[in-house]
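Chemist: Have a look at the structure that comes next, please.
The values are calculated or read from the model by the stated rules, or taken from the named source; none is laboratory data. None of these values were measured; they are calculated from a predicted model. Because the Cβ atoms are built from the backbone with ideal geometry, glycine has one as well, and the counts that use them run over all protein chains shown.
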Amino acid sequence: MHEHYRWADVFLLPSVCEGSATVTYEAMQHGLPLIVTPNTGSVIEHGQEGLIVPVGEQESVVQAIEQLGKEADTRDGMAEAALLKAKYASYEAYSQRLINFFNSLP
């Protein structure tokens, strides 16, 4: 899988129903900006680490791909932001936040 992530410039998952797709975290760890729907369950913010498009709107997906294909600076900025957000979204970071939460309970 790592070779596929290294080959790609953008990661697209226009999910109708996913929850919290682990694959989006993996893509972010490889510095890929995401194009996802709200149903993908990703931790990205629209315009920061990628683009969030409405469910079932193919034209929005096409526009997002075209935008990131044409705007290299935007795509590169989102890629950097994705790498930073991936640290927050790592299993280790999540585990530590969970431990901290339970330790803070009375």
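Chemist: Since residue 80 meets every condition but one in (1) loosely packed, with under 14 Cβ neighbours inside 10 Å; (2) within 23 Å of residue 6 (Cα to Cα); (3) over 12 Å from the mean Cα position of the chain (by Cα), which condition does it not meet?
Modeler: (3)
Chemist: Residue by residue through segment 48-57, note down the ones that are at pLDDT 95 or above and either more than 15 Å from the chain's Cα centre (by Cα) or loosely packed, with under 14 Cβ neighbours inside 10 Å (or both).
Modeler: Within segment 48-57, 54 is the sole residue that qualifies.
Chemist: If you go through segment 27-47 one residue at a time, how many are surrounded by fewer than 19 Cβ atoms within 10 Å (Cβ to Cβ) and at pLDDT below 90?
Modeler: 4
Chemist: In segment 89-105, what residues are part of a helix (DSSP H, G or I) and surrounded by 12 or more Cβ atoms within 10 Å (Cβ to Cβ)?
Modeler: Matches in segment 89-105: 93, 94.
Chemist: Only one residue in 8, 21 is of a type in the set (Gly, Ala, Ser) and within 11 Å of the chain's Cα centre (by Cα), so which one is that? Spell out how you get there, then give the answer.
Modeler: Numbers: 8 fails: within 11 Å of the chain's Cα centre (by Cα).
Answer to the check: 21.
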